[in-house]
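The values are calculated or read from the model by the stated rules, or taken from the named source; none is laboratory data. Just so we're clear, the structure is a prediction, and the values are computed from it rather than from any experiment. Here the Cβ positions follow ideal geometry from the backbone for every residue, glycine too, while neighbour counts run over all protein chains shown. Heavy atoms of the whole protein, side chains included, go into the accessibility calculation; ligands, DNA and RNA do not. Shrake-Rupley method; radii C 1.70, N 1.55, O 1.52, S 1.80 Å.
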Amino acid sequence: MEAAEAEYFSKDFEWDELRAEVENDPSFRYHLLPFESSTIPSSQTTTRATAAAAEEEDSTAWKRFHIRHSSGKFFKERRYLLKEFPELVSCGESSKVLEVGCGNGSTALPILRGNEHIIVYACDCSSEILERAEEMIDATTVVSVRHRFRTFCCDFSVTGLPKWLACHTCREVFLQKQQNCLSGVKESHERHFNDSNSSKESTCCIGGMDFVTLIFTLSAVTFQRMPASIKECFSVLKPGGMLLFRDYGLYDMTMLRFEPNQRVGFMEYTRSDGTRSYFFSLNTVRDLFVGAGFIELELEYCCVKSVNRRNEKTMRRVWVHGKFQKPM
């Protein structure tokens, strides 16, 4: 395992060379064209109803996706994260991390293992997948991990994040409710809390998380909802807190596989199962996060060659790595 970690690279090829190749290939030209929606203009009420239906459809698609891949090795533990974000190891005792879109816990587990003092709050839109994440954390042999992993059900792009995340007093109320719930035999959905079960917003809610992680989460949100979603993350960070970002980059192999009829926006696509994916350029990421009030600390493409052992084909993967800070 240690050898595998030592072989992690992030600069196997130059992104500019890939960009030139893609943009000069006629077969990829449709990816670069402006996107024109075929939607007929409608009233404001109809537009809101359509947007609400689309949001529900997106959430349902991801819930089905996670249920379908809840077992097996589809999601591998992201051991590289501590190399990319060493701040998660070097931070002080009782530092708090909010993992947005935690999935089955493949991001939370290496964080908890890497720092025995860190506390991870994790949310997802699916209560079923939160249960899988808890099972994954429970199964680890590392001592004192489970009590530092706290989950709640939330679709941050639709309902926003609960206010108790930003306030010590409100957070203590939440933890007491969670402890009461876990101490008895409850229905599964009662293990996860949403904003309606949390304390009301208080004047002391100025930001309570030391870190927020967005690891392959923002790309699943519609582009129109991204600015508000990022501001939600900004609101729960302490002044000086950091947002750690990793997601799909422009001209990633998976983007180039999408067919023209799968485009739903500029650099935005839907898969056959209804889940969506956006592919970020550095400029788009910069505009989104700086526009929400963050200070850019790091922003770059990670370009990795991986080999499919089954067919011996080399795949060029592109991800965007970023670190952003809330001003002091």
Ignoring ligands and nucleic acids, ASP210 exposes an accessible area, probe 1.4 Å, in Å² to the nearest 10, of 40 Å²
Order by accessible surface, 1.4 Å probe, largest leading, for residues ASP287, ASP12, ASP124, ASP138 comes to ASP287, ASP138, ASP12, ASP124
Descending packing, highest mean Cβ count within 10 Å first, for 243-252, 263-272 is 243-252, 263-272
Judged on accessible area alone, 1.4 Å probe, highest first, TRP164, TRP319 line up as TRP319, TRP164
Two pseudo-spin positions, 7 Å from Cα along C-beta at GLU135 and at ASN24, lie apart in nanometres by 5.1 nm
Amide H proximity to ALA122 below 5 Å, modelled H, separation 5+ or other chain, gives GLU99, ARG150, THR151, PHE152
For THR141, the accessible surface traced by a 1.4 Å probe with all protein chains present amounts, in square angstrom to the nearest 10, to 130 Å²
Mean Cβ-within-10 Å packing, highest first, puts peptides 105-118, 221-234 in the order 105-118, 221-234
Expected sort for 308-314, 273-279 on mean C-beta neighbours within 10 Å, highest first, is 273-279, 308-314
For region 226-328, the dipole about the Cα centre with charges only on Cβ (Lys and Arg +1, Asp and Glu -1), to the nearest 20 debye, works out at 340 debye
Long-range share for region 253-328, i.e. C-alpha pairs more than 16 Å apart as a percent of all pairs, stands at 62 percent
